[in-house]
Amino acid sequence: MSLLEVDGVSVRFGGVRALSNVTFHVNRGEIFGLVGPNGAGKTTLFNAVTGVVRPTTGRICFDEQEIGHLKPHKRARLGIGRTFQNLQLFGAMTVLENLMLPVDAFARRGIVSDAFRLPTASFEERRASERARATLHLLHLDGIDDQRANDLPVGMQRRVELARALCLRPKLLLLDEPASGLDARETAELAEALPRIRERFGTTMLLVDHDMALVMRVCDHITVLDFGEVICSGPPEVVQKDERVIRAYLGEEVA
Amino acid sequence: MTDKRLRHGTIVAGLLVAIVVPLFLSDYYQYEASEIAVLAILVLSLVLITGFVGQISFCQYSFAAIGAFTVGSLVGGHHWSFWLALVVAVAFSAVVGILVGIPALRLSGLFLAILTVAVALFFDRFLLAPGTWDSFSGGLEPWKIGRPSFVGIGLEGPYAYYAFALAAFVVVAWLVWNLRIGKTGRVLRAIRGSEIAASMIGIDVTLWKLAAFGLSAGLAGLAGGLLAADVGAVSPPSFDFLHSVTIAALATVMGVESIGGAAVGAFALIGIPEILSHTPISPDYFQLIVGVALIVQLVFAPQGAIVKMTEDVKRLIGRSTTDDPPAVTKELAKV
Amino acid sequence: MLLASANFGLLPSYTVIGLVLGGTFALAAIGLVLIYRVSGVLHFGHGAVAMFSTFIAYTVAVEWGLPSILGLFAAIIFGAGLGYLIERFTIRPLRDRPALTKVVVTIGWLLVLQTLAGAIWKNTAYHRPVQLVSRSGFKVPLIHLIIGYDQLTTMIVAVALALGTAALLRYTTLGISMRAVADDPDSARLWGVNVDRVTAASWMVGSAMAAIAGVLITPLISFTTFALTLIVIDAFTAALIGRLQSLPLTVVGAVFLGLAQTYPRAFVSNAGSGEVATFLLVIVTLLVLFRPGTSRVRLA
């Protein structure tokens, strides 16, 4: 059964077509790879799914519900988490604060309970920091709670951003080039972490990356985009052998 | 932990000075002291909107004016109880703050600054001008309000009102501090960092920004209402556009993120003209001093005088900290 | 100029007043846009520069009794010099800092100039305008309309300077350099443009135009320090209509604003009706023209 259904989605900026008539379904529990050369429209697709841009045409359904009209934060609350290609951590805040925010967003605690330090405030504060610490632990990130996000090396920041998205306990996690800027060891760790996360939380993932080895290794299903259109879709073994894919993407990489 | 002790020590010492010193001052200076306490609340409203959310506002005095004239027209015109009027005043200015916030949601930085200037002028030149809405502005006659009494204690005496105003500031400062260290502060700083990233983790950016606008305007309205009772009368010239610019400039000089900066800023707002009045220099030069301080400060100490001073003190006693740059200096990069 | 009831017979002369007002707004706004485009600074002290320069003209022409034209020249020179000083010593050192920092510095200048002027020429006092040409005028046949020679001069000067700026930008080396810097300072530098000099020049030209606008507007408004400083708001409004980009649209915006501020006075007897017009225009312009995403104007 599908968790995310993207049906005939097109996005146009002025006269430029960023996505044209893209259709694919992501099944529950799947790690779904989305690959394609630069400018193929992968980030635009993420933006369409998370509500940053509005598709010109097409339907996006999540968890049996049409979400095309929902604002970004509503989609996040339905269970769509995301990491960014260009890191979007709150750099001036500590790692712990970064991770508490997704829990805060759900908390039934507002200005009044904060201002007067009502019991709900301290209860929710504890709950948020506990979940944040547990998530850090899961990704082997213990001990960096009080560091400023900006002071961390890039590889570490990527993992913190992944941890932040996980604190939302998303049903669907969109990973936008999680391996970019990582060295071989860190990439290997990531390849090992993603299935572990799925096992732990049952998270479905949509992964975009240039590292074909990583994508082939962790994904159950791969869709290839080129110039905003789907050119091939299937399990890794099939996609690997597809003529058009080799021409459009793998070939280019080799050259 | 020592940082915390240093902070607590400073707060206790500051409060002691604030409570004891005015006891030995003349009525006139006690009156000025209560004005400082009230204005400190107004500067706190700027700390909230500019320091936490990173939105610059040149119309805080307009929100204060709503508070003051709501109290003025209800107490002076309709003989309401001061306290009831104050509650209405805070609510009314909060609502107007939210209304101003709605167009501001779509704008950031420079354009928001222009909008708040337009709002300030609209108030200054139209809404409070005689003939536009006299039942609110009092027309050509200032509203007479007088001093209220608080749970049976009359606040007529200058020290009594000062103590009351100081208590009000301490309570508001405590509330703002709680917001800052709680979820609210975290969420607002996240929004300041990146609105898109904030919405991607489920934060309703629109709602929080409007709430911050409303809260900030409400605080300014509270300051306005308290100011009205402090002076005992309200008339439009106390709320003109240059006041708003001066206070925004002063908050920037002092460092818009710090609550201590708000107190010192308010002290400077009253204290410097007062000191000038005892020198051959006219107190009218106060705005000149603020302007020069603003220019000089931005060239040499961009994070705000108070933040810089604390940094210097900490460095002297061997503790350096890295604070994030203040909102004002980085927020506009993204327009 | 308060009228209790509508008087349509006065519409032609209100139109003339509105056009003249719009012409001076246009001059101030062109200066503002020039500075903004080239240096990326939205100059809140623009009106204060206009005000201070205008009071220099007032001192020369009214207090010293020298010919008005000398006053105008003094104002232009003073305005350009002040623009240069502001840019050279308080904006250029902040080159790598965020735009808002520079804007706040210009607010500092607003306070400084306003306070100084208040101390020298008194804030609240009304002053005799700097009259460049005689107030007498000629009758336009058929409609009840007298156009003052001063009004006519103002309009001619405004049109000439607007066209002159356009020509400057299009045909002179300086103007072409300015456009290059406005588009992309880094590549302009690579092409051998002296960005610092061009930026300083834009501040000088822009501030000189503010000075001219200030002198021309004195017969039209209550001539006080504060009223002149607030011209910056009218200039902003016009510039916003031009999206802080287009000079022709800025001029259109300025004329529109001039008329929008004048006509209501024919119908309502409230001193602030002009401010309401400005306020509404600002709101509408900001909301219509600056949608999220389109407001990403280049800022140095």
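If you go through segment C:47-85 and keep only what is outside any helix (DSSP H, G or I) and of a type in the set (G, A, S), you end up with just C:G65. Of the residues that make up segment B:150-162, is at least one part of a helix (DSSP H, G or I), surrounded by 22 or more Cβ atoms within 10 Å (Cβ to Cβ) and either facing chain A (nearest Cβ under 9 Å) or of a type outside the set (D, E) (or both)? Looking through segment B:150-162, at least one residue is part of a helix (DSSP H, G or I), surrounded by 22 or more Cβ atoms within 10 Å (Cβ to Cβ) and either facing chain A (nearest Cβ under 9 Å) or of a type outside the set (D, E) (or both). Every condition in (1) modelled with pLDDT under 90; (2) closer than 19 Å to B:A168 by Cβ is met by B:G76 except one, and the failing one is (2). Screening C:F223 against (1) over 16 Å from C:L21 (Cβ atoms); (2) in contact (Cβ under 8 Å) with a residue 40 or more places away in the chain; (3) of a type outside the set (D, E, K, R); (4) in contact with a Pro (Cβ under 6 Å, 6 or more places away or on another chain) leaves a single unmet condition, (1).
Restricted to segment B:95-121, and to residues there that are within 7 Å of chain C (Cβ to nearest Cβ) and free of Cβ contacts under 8 Å to residues at least 24 places away in the same chain, the residue that is farthest from B:L242 (Cα to Cα) is B:R106.
The one condition from (1) surrounded by fewer than 21 Cβ atoms within 10 Å (Cβ to Cβ); (2) within 14 Å of the chain's Cα centre (by Cα) that B:L219 does not meet is (1). Apart from one condition, A:E130 fits all of (1) at pLDDT below 90; (2) surrounded by fewer than 18 Cβ atoms within 10 Å (Cβ to Cβ); the exception is (1). Only one entry of B:V253, B:V299, B:V264 meets the criterion of being surrounded by fewer than 18 Cβ atoms within 10 Å (Cβ to Cβ), modelled with pLDDT under 85, of a type in the set (A, V, I, L, M, F, W, C) and assigned to a helix (DSSP H, G or I), and that entry is B:V299.
Is it true that C:P67 is within 13 Å of another protein chain (Cβ to nearest Cβ), more than 28 Å from C:R243 (Cβ to Cβ), surrounded by fewer than 24 Cβ atoms within 10 Å (Cβ to Cβ) and not small (G, A, S)? Considered against the rule, which asks whether it is within 13 Å of another protein chain (Cβ to nearest Cβ), more than 28 Å from C:R243 (Cβ to Cβ), surrounded by fewer than 24 Cβ atoms within 10 Å (Cβ to Cβ) and not small (G, A, S), C:P67 comes out as no. Would a scan of segment C:99-116 turn up a residue that is farther than 18 Å from C:A208 by Cβ and out of contact with any helix residue (DSSP H, G or I) (no Cβ under 9 Å at 6 or more places or on another chain)? Looking for residues that are farther than 18 Å from C:A208 by Cβ and out of contact with any helix residue (DSSP H, G or I) (no Cβ under 9 Å at 6 or more places or on another chain), one finds none in segment C:99-116, hence no. When each of B:Y61, B:Y31 is tested for being surrounded by fewer than 23 Cβ atoms within 10 Å (Cβ to Cβ), in a helix (DSSP H, G or I) and touching a helix residue (DSSP H, G or I) at 6+ places or on another chain (Cβ under 6 Å), the lone residue that passes is B:Y31. Within the option set A:L174, A:L194, being touching a Phe, Trp or Tyr at 6+ places or on another chain (Cβ under 9 Å), buried (at least 16 other Cβ atoms within 10 Å of the Cβ) and in the same structural domain as A:V224 (by TED's automatic domain parsing) holds for one residue only, A:L174. The single condition from (1) of a type in the set (S, T, N, Q); (2) in contact with a Gly (Cβ under 9 Å, 6 or more places away or on another chain); (3) within 27 Å of B:T132 (Cβ to Cβ) that C:S13 fails is (2). One residue alone among B:G185, B:G202, B:G218 is part of a helix (DSSP H, G or I), at pLDDT 90 or above and over 26 Å from B:H8 (Cβ atoms), and that residue is B:G218.
Considering segment A:213-235 alone, what residues qualify as being surrounded by fewer than 18 Cβ atoms within 10 Å (Cβ to Cβ) and outside any strand (DSSP E or B)? Within segment A:213-235, A:A213, A:M216, A:R217, A:D220, A:F227, A:P235 meet the criteria. Selection of strands (runs of 3 or more DSSP E) fully inside segment A:7-84 by the criterion of at least 1 residues being under 14 Å from the mean Cα position of the chain (by Cα) and away from chain B (no Cβ under 11 Å) returns A:16-27, A:31-35.
Only one residue in B:A85, B:A68, B:A91, B:A120 is surrounded by fewer than 24 Cβ atoms within 10 Å (Cβ to Cβ) and small (G, A, S). Which one? Going through B:A85, B:A68, B:A91, B:A120 in turn, just one is surrounded by fewer than 24 Cβ atoms within 10 Å (Cβ to Cβ) and small (G, A, S): B:A91.
Condition check ((1) among the β-branched types (V, I, T); (2) within 19 Å of B:A198 (Cβ to Cβ); (3) more than 9 Å from every other protein chain (Cβ to nearest Cβ); (4) not in a loop (DSSP other than H, G, I, E, B)) across all residues:
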site: A:N86; (1), (2), (3), (4): no, yes, yes, no
site: A:F90; (1), (2), (3), (4): no, yes, no, no
site: A:E97; (1), (2), (3), (4): no, yes, no, yes
site: A:M100; (1), (2), (3), (4): no, yes, no, yes
site: A:D104; (1), (2), (3), (4): no, yes, no, yes
site: A:R109; (1), (2), (3), (4): no, yes, no, no
site: A:F123; (1), (2), (3), (4): no, no, yes, yes
site: A:R131; (1), (2), (3), (4): no, yes, yes, yes
site: A:A134; (1), (2), (3), (4): no, no, yes, yes
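Any residue in segment B:194-205 that is buried (at least 22 other Cβ atoms within 10 Å of the Cβ) and within 22 Å of B:L121 (Cα to Cα)? Checked segment B:194-205: no residue is buried (at least 22 other Cβ atoms within 10 Å of the Cβ) and within 22 Å of B:L121 (Cα to Cα). For segment C:215-252, the tally of residues that are within 12 Å of the chain's Cα centre (by Cα) and either within 14 Å of chain B (Cβ to nearest Cβ) or closer than 15 Å to C:T165 by Cβ (or both) stands at 14.
The values are calculated or read from the model by the stated rules, or taken from the named source; none is laboratory data. This structure is a prediction, so every number in the text was calculated from the model and none was measured. Ideal geometry is used to build each Cβ from the backbone, glycine not excepted, and the neighbour counts take in all protein chains shown.
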